[in-house]
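Down below is the structure, laid out as structure tokens.
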Amino acid sequence: MVPPAGAPEQAARRARAKRLQPGEGMVACPCAPSRPQPGRVPTEVSLMRPNALPLSCLLVLLAGGGPAMALDLADIPAAEPNDAVMARPEEVRAMADWAAAAFAGTEPPSPRPPTRPTMLTAGRQPFSFVYDGVGSGKLLAAWDRAVETAPAADRLTRRVVWTDPKTKLRVTAEVSAFARYPAAEWVLHFENGGAADTPILQDIQALDVELATGRENAVLHGLHGDDCSERSFQPFDEVIAPGGSFRMAPRGGRPSNGAFPFFNVEHGGRGLITAIGWSGQWAASLRRDAAGTTRLCAGMEQTRLRLRPGERIRGPRILLMAWDGDRLAAHNRFRRLMLFHHVPHQAGRPVALPIFLQGYDRYRAHPRWGNEAGQVHAAQVAAKLGCEFLWLDAAWFPGDFPNGVGNWTPKPQQFPRGLRPVSDACHKLGLKFIVWFEPERVAPGTAIARECPQFVFGGEKGGLFRLDDPAARRWLTDLLSRRIREFGMDWYRNDFNIDPLSYWRGNDGPDRQGMTEIRYVEGHYAMWDELRAARPGLVIDNCASGGRRIDLETCMRSVPLWQSDTACAPGHADMDQAQMCGLSLYLPFHLSCAWSPEAYVLRSAAAAGAITQFAFLDDAFPLEQARSAVAEVGKNRKYWYGDFYPLTPCTAADDQFIAWQLHRADLNAGIVLAFRRARCEAADLHVRLGGLDAKTTYAVEFIDEARTGTVREIKGRDMAAEFSLRIPQRRASLLVRYAPAAAGR
């Protein structure tokens with residue numbers, strides 16, 4: 001969560017405090033699910049003119065006091081619904097046929113499924129490399145190939161191995177085609193099975209495919225990565241004409257630092273959503289020839305190496321999902337793929353995100369906070385608020401942040417009995433406990449720098465911990481596992497406030513370029529996997545100066561609770577909203593931090609869980625208001641396990657409205673969140689809701705900034721045609737909850 005020391009991050013902190021500049025005028029969202037029907041009168045709801053039906057006395061749910069509604073298994077779907085958002089069977093078969101042909105050389109069935117062919121062209125392996133100066137396209141056709149299959153309920157997995165008969169280099173592709181999605185996923189491994197060093201292996205592209213895009217323009221729909229500014233995770237569209245190209249890569253070796261490894265390529269009403277799983281320096285490019293064919297490549301930015309006898313390396317994970325028709329439906333399909341097949345699960349369902357109480361940024365220097373008594377008191381307040389977790393950030397080790405990273409023992413005066421008394425207090429109150437670490441950065445003069453300099457790039461002077469070294473990684477994993485056990489931690493928070501790329505590349509020889517990065521990334525995954533295996537139920541929070549280490553592989557092992565360091569200070573609710581809108585196109589789980597219980601602030605930062613950093617030590621702290629605010633989050637969060645519909649463009653401009661909808665198809669219910677910003681002149685917002693059943697009559701509850709509400713019955717067809725929301729005050733929000741009227745809520 002906390003940015004590294006130094007001028008660049010100080011500048012970033014100053015940038016967070018700048019007032020947002022006005023953006024362009026709001027327009028109707030181009031990916032809204034439906035258009036107004038000619039002649040239909042819009043459904044209008046005004047909080048200034050409540051017109052509640054008699055049903056409201058039964059259904060109105062004013063957000064009163066009491067604890068948050070805990071998510072139980074019944075609140076979290078176990079599997080994706082079978083509805084119109086899911087792909088047609090013939091689309092799924094077409095992608096499975098492509099994967100079989102591309103990797104295993106299997107001919108597609110005849111006749112092919114009656115669907116438009118995927119953008120992916122057939123007849124070539126969907127990856128590439130250069131070996132001893134020769135491209136893989138020429139080499140693999142002459143190498144031995146063996147194929148093994150492993151069918152499962154949700155996918156068919158193949159293990160395809162190509163072997164060079166001369167040098168015994170083995171290239172292994174572990175590839176899966178999903179049973180309910182037009183999606184394929186793979187990871188490549190390279191292994192030297194010979195007795196001598198291999199020739200040079202270079203330019204490894206884990207993804208190298210051709211897209212049949214024709215002469216019309218193609219569009220790359222992407223997100224900016226996190227840079228702790230109003231640009232963080234904001235969507236952009238890059239139009240690529242025939243003969244054009246576009247390239248993207250993160251900065252400094254953290255995968256979402258300035259660039260984002262999830263994107264969508266569209267052409268002619270169909271497209272390809274791509275996710276890259278590499279927690280290092282990836283790069284992706286699109287190049288179009290004069291005829292319009294597009295070549296899409298992605299992989300490590302730099303590889304040129306020899307493998308020693310017996311050495312084996314892995315490459316980035318690639319996930320492709322083809323789509324045809326509605327782009328927003330495709331994004332929701334991809335969210336479901338992530339939710340049910342990739343993100344961490346507990347008890348057979350996607351993990352339940354909690355509501356946290358945190359205080360580091362507000363109270364790190366407060367004499368009543370950073371010690372055992374202060375944290376026990378914080379736990380008591382958390383229980384009164386209805387929170388479920390106490391979050392202890394970077395304030396518990398000697399030297400503090402950042403000078404003490406590398407001292408992973410509690411401060412002896414502030415925590416003379418360690419952190420176990422704090423976790424015991426949490427558990428007695430029915431809370432759980434999460435603690436911050438930054439294990440991969442070592443400050444000079446700390447215990448690790450003094451006692452284990454051989455484990456640090458930089459030695460005694462500090463630097464990057466050597467996860468590329470198996471002995472160092474084993475030592476650190478054991479240390480963290482002990483601390484998690486000793487402290488009684490339920491979740492583990494892993495920060496990473498250092499750019500590793502210069503350390504990696506500075507350690508590589510001319511014929512080993514990329515090797516240190518590969519071993520480091522492999523060590524990172526091994527450490528997290530072992531921590532989770534050692535403590536079943538442990539969930540890892542993935543932070544890296546905010547959201548700068550988000551990729552497919554980290555999403556499979558962790559959740560990014562702190563999506564950007566814009567949350568390190570109050571006053572950035574508009575940026576929280578914009579980040580929520582952008583990230584939710586791809587990821588079901590991510591959070592920001594609310595600095596007050598004010599509806600505008602907390603609704604901007606909360607999602608499937610919430611982080612509260614309320615002023616609970618202040619004499620004037622409004623405890624009952626905060627309890628009501630937390631209770632409201634508890635009622636909303638189950639809907640974040642559903643589909644996401646942006647109802648306006650994603651923007652941080654303070655003269656705009658922003659709004660989105662979460663819809664649970666399995667419940668036929670959902671929420672809408674709308675925000676009128678400080679300089680937005682319009683009081684009305686006209687939107688078109690998605691996912692609704694036209695024949696259903698919904699009980700719709702409108703809850704204003706003061707958390708008072710009214711309920712009306714409205715037909716689904718009217719809500720989907722045009723739905724008007726009114727927010728009379730500037731810098732105010734509106735929450736809408738809806739469910740079938742007969743069912744209530």
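The values are calculated or read from the model by the stated rules, or taken from the named source; none is laboratory data. The shown structure was predicted, so the numbers you read here are calculated from the model rather than taken from an experiment. All Cβ positions, glycine included, derive from the backbone under ideal geometry; neighbour counts span all protein chains shown.
Assorted remarks:
- Taking the stretch 692-718 as the range and being closer than 27 Å to ALA631 by Cβ and among the basic types (Lys, Arg) as the test, the residues that pass are ARG707, ARG712.
- Residue tally, condition farther than 14 Å from SER423 by Cβ and either outside the structural domain of GLY430 (by TED's automatic domain parsing) or polar (S, T, N, Q) (or both), over the stretch 356-379: 2
- Residues being touching a residue at least 40 places away in the same chain (Cβ under 8 Å), under 36 Å from the mean Cα position of the chain (by Cα) and surrounded by fewer than 19 Cβ atoms within 10 Å (Cβ to Cβ) - total across the stretch 131-148: 1
- Given (1) over 16 Å from MET300 (Cβ atoms); (2) within 24 Å of the chain's Cα centre (by Cα), number of the condition GLU553 does not satisfy: (1)
- Matching residues in the stretch 637-648 - criterion: being over 19 Å from the mean Cα position of the chain (by Cα) and buried (at least 23 other Cβ atoms within 10 Å of the Cβ): LEU647
- Residues satisfying the stated conditions in the stretch 248-278, i.e. outside any strand (DSSP E or B), touching a strand residue (DSSP E or B) at 6+ places or on another chain (Cβ under 9 Å) and under 29 Å from GLY546 (Cβ atoms): ALA249, PRO250, ARG251, ARG254, PRO255, SER256, GLY258, PHE260, PRO261, TRP278
- Taken over the stretch 296-312, the criterion of being buried (at least 17 other Cβ atoms within 10 Å of the Cβ) and basic (Lys, Arg) is satisfied by ARG304, ARG306.
- Check on LEU692, of a type outside the set (Gly, Ala, Ser), in contact with a strand residue (DSSP E or B) (Cβ under 6 Å, 6 or more places away or on another chain) and either in contact (Cβ under 8 Å) with a residue 40 or more places away in the chain or surrounded by 22 or more Cβ atoms within 10 Å (Cβ to Cβ) (or both): no
- Single residue of LEU587, LEU583 found to be touching a residue at least 24 places away in the same chain (Cβ under 8 Å), under 18 Å from ALA352 (Cβ atoms), of a type outside the set (Gly, Ala, Ser) and not assigned by TED's automatic domain parsing to the domain that holds MET321: LEU587
- Among all residues of the stretch 454-461, there is at least one that is of a type in the set (Asp, Glu), part of a helix (DSSP H, G or I) and touching a Pro at 6+ places or on another chain (Cβ under 8 Å).
- Taken as a whole, the condition of being assigned to a loop (DSSP other than H, G, I, E, B), under 30 Å from ARG512 (Cβ atoms), in contact (Cβ under 8 Å) with a residue 40 or more places away in the chain and touching a helix residue (DSSP H, G or I) at 6+ places or on another chain (Cβ under 7 Å) does not apply to ARG180.
- Picking from residues in the stretch 257-287 that are surrounded by fewer than 22 Cβ atoms within 10 Å (Cβ to Cβ) and more than 30 Å from MET515 (Cβ to Cβ), the one that is farthest from the chain's Cα centre (by Cα) is GLY268.
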